[in-house]
1. Under a no-solvent Debye model with one identical scatterer per Cα of the protein assembly as shown, what's log10 I(q)/I(0) at q = 0.10, 0.11 Å⁻¹?
2. Between residue B:34 and residue B:373, what length in nm is gained on full extension when 0.36 nm per residue of separation is reduced by their alpha carbon distance?
3. For an R0 of 30 angstrom, estimate the FRET efficiency from the Cβ-Cβ distance between residue B:266 and residue A:114 and round to the nearest 0.05.
4. Amide H to amide H under 5 Å from residue B:64: which residues, 5+ apart in sequence or cross-chain, H placed 1.01 Å off N in plane?
5. Out of A:157, A:63, A:137, any idea which swings most in a Gaussian network model of chain A, alpha carbons joined below 10 Å?
6. Which of rounded, prolate or oblate describes segment B:66-242 when judged by the alpha-carbon gyration tensor and an a/c cut-off of 1.5?
7. Quantify how strongly other chains surround peptide B:283-292 by giving the mean number of their Cβ atoms within 10 Å of each of its Cβ atoms.
8. How many Cβ atoms of partner chains, on average, are near each residue of A:2-11 if near means within 10 Å of its Cβ?
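Throughout, read-outs are computed from the coordinates displayed, never taken from laboratory work. All values derive from a computational prediction rather than experimental measurement. Note: ideal-geometry Cβ built from the backbone for every residue, glycine included; neighbour counts use all protein chains shown.
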Amino acid sequence: MTAVDFLAFTRGPLFDVALIIFIAGLAIRFVEILVLGRRRDFSEPRRGGFGSGLRTMFSRTLPETGTMKRAPTTVVAGWVFHIGFLVTLLLFVPHIEMFQAVLGFGWPGLPTPIIDFAGILAMVAMVVVLINRLRNPVMRFLSGFGDYLPWLLTFLPLITGWLVFHRLLLPYPAMLGLHILSVELLMILFPFTKLMHTFTAFLARYYTGAAFGRKGVQS
Amino acid sequence: MQIDETTPNAARSAASGDDRTLGALLAARGVSRRAFLKYSSYLASLLALPASMAPAMAASLAKAQRQSVIWLSFQECTGCTESLTRSLSPTLDDLIFDFISLDYHHTLQAASGHAAEEARMQAMEAHKGKYIVAVDGSVPVKDGGIYSTIAGMSNLDILEETTKDAFAVVAIGSCAAFGGLPLADPNPTGAVPVTELVTDKPVINIPGCPPIPEAMAAVLAHVLTFGILPELDSLGRPKSFYGESVHDRCYRRPFYDRGEFAESFDDEGAKKGWCLYKLGCKGPATSNACATVKWNGGTSFPIEAGHPCLGCSEPGFWDMGGFYRALSVPTGDVARIAAVAAGAGVVAGAAAGALHRATKSAARGKHHTVTVEELEEK
């Protein structure tokens with residue numbers, strides 16, 4: 001298989017398979033959670049839960065002062081990673097072209113030097129959180145395969161993408177093929193790993209916020 | 001053979017039994033030493049040789065004897081020959097081509113039929129181990145190679161016979177180098193590139209559809225000057241011409257970096273000359289010198305004319321998922337696949353959820369309170 005055949009395979013049949021598993025997997029897990037529902041609460045609500053739920057989805061994105069004091073590295077590097085990663089993923093024009101093909105609509109992108117910078121920030125932050133996890137005895141004790149696999153699945157697209165952009169290590173078609181392959185690996189395993197938190201975090205926060213709202217408690 | 005002004009140069013030289021050196025030939029054509037030195041510097045810089053090599057190159061070239069070249073045309077469209085022989089104006093490149101002894105070439109030779117084949121055999125005999133075989137077009141190997149024959153011989157047999165005593169083989173154009181159009185899916189003739197068949201001789205690939213004429217001239221000049229092949233990349237292409245991507249050398253690259261793209265062929269972006277990536281430009285994946293050497297005497301190149309790069313000097317460029325589809329876009333019908341997958345996922349998720357609910361309520365139904373007395377009985 002030549003590099004061009006490999007690229008054609010990753011852009012063609014393999015992407016279709018990865019997309020099916022990713023989309024169907026997301027839908028299955030999400031709908032399953034929703035259908036399962038929550039236990040009915042017979043107590044009389046003090047306030048409506050809906051507004052509180054919505055607010056909590058976003059308010060919990062900001063760290064509590066206690067958390068910031070206890071684990072500043074996790075908070076700062078976590079923020080830097082998430083912003084860097086999302087900018088790289090959602091605002092790089094070739095990526096937007098891909099989203100447009102799948103979703104049917106696109107949006108404006110950012111100049112490549114900004115994307116380059118954001119990608120580097122995301123990678124550095126990922127290395128920082130990994131070292132932090134390995135150095136902290138408690139965190140290391142609590143971490144298992146299910147924590148390290150998502151790290152690798154996220155890091156590979158970033159590093160291969162950066163190498164494609166800067167034309168390093170391998171000829172462009174081979175490196176682009178590897179980049180797409182790493183993304184497909186991410187897509188295939190996404191619904192079945194902790195990476196699902198990308199979407200379920202908001203659902204969980206809504207449930208918590210809504211329950212607190214009913215009880216008239218600040219969330 | 002009667003020689004007059006209308007006789008093609010190559011045929012004229014061959015007919016006259018010209019054994020002068022290139023220097024003598026150029027002097028007879030009225031090319032000054034200064035112009036020749038300038039041309040040598042140009043070729044040396046194209047080959048990425050140090051400037052100090054230019055006079056040495058000129059001296060070697062001036063003393064060079066005619067190089068015998070046998071040109072084999074297989075599954076091809078003659079576009080490569082057209083590109084190499086029909087420059088916009090007579091240039092020194094032409095002189096290089098005039099200077100080589102083109103002993104066999106379907107399009108350019110005067111002889112035909114058995115006489116033509118005889119010329120090939122004679123050249124092979126006379127320049128054994130020294131002649132260069134230039135090939136344009138791919139070689140069909142399916143069904144015994146019957147899909148392309150010349151003088152009753154399959155391309156495969158001619159290639160084998162001719163390259164046996166060759167010094168080197170030059171695969172000109174993407175069909176010879178990588179299979180090109182004939183190899184495109186579904187490849188009905190079983191076309192293969194020259195490199196797959198010639199394994200015991202050095203093969204230089206000069207891909208492109210067609211290749212840049214200067215690449216061919218410079219490679220010939222390199223062989224004439226140094227007697228060795230230029231440095232090649234992993235795909236057998238001279239690094240001096242195929243070492244950089246079209247994207248990295250493109251004058252529209254700043255628009256790519258700024259995020260300014262033409263969205264269609266006639267929008268404001270296209271008129272302003274913005275980047276053609278979204279219109280399917282394969283510049284990032286294509287290694288060639290189009291953006292620097294350009295075409296038609298340095299006039300322009302496809303992107304400058306407003307058309308995305310097709311990636312014609314890369315293997316399998318016909319099957320790269322469409323000329324007008326951006327490189328980062330998947331080639332399948334992804335919007336439909338995503339919609340179907342989402343629908344199926346929702347149904348499967350609902351079914352799984354319902355199953356869990358049923359299990360839960362069944363468990364609840366079976367539940368009954370156990371008293372302490374009942375436990376003690378057990």
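1. -0.96, -1.09
2. On the way: separation 339, 0.36 × 339 = 122.04 nm, distance 11.74 nm.
Contour length minus Cα-Cα distance gives 110.3 nm.
3. 0.55
4. HN-HN under 5 Å from residue B:64: B:22, B:23.
5. Among A:157, A:63, A:137, the largest GNM mean-square fluctuation belongs to A:137.
6. Values: a/c = 1.39, a/b = 1.15, b/c = 1.21.
Rounded is the answer for segment B:66-242, as its axis ratio a/c remains below 1.5.
7. Details: counts 1, 7, 10, 2, 3, 0, 0, 0, 0, 0.
Mean number of neighbouring Cβ atoms from other chains: 2.
8. Values: counts 5, 6, 9, 3, 0, 6, 6, 1, 2, 9.
Mean partner-chain Cβ count within 10 Å for A:2-11: 5.
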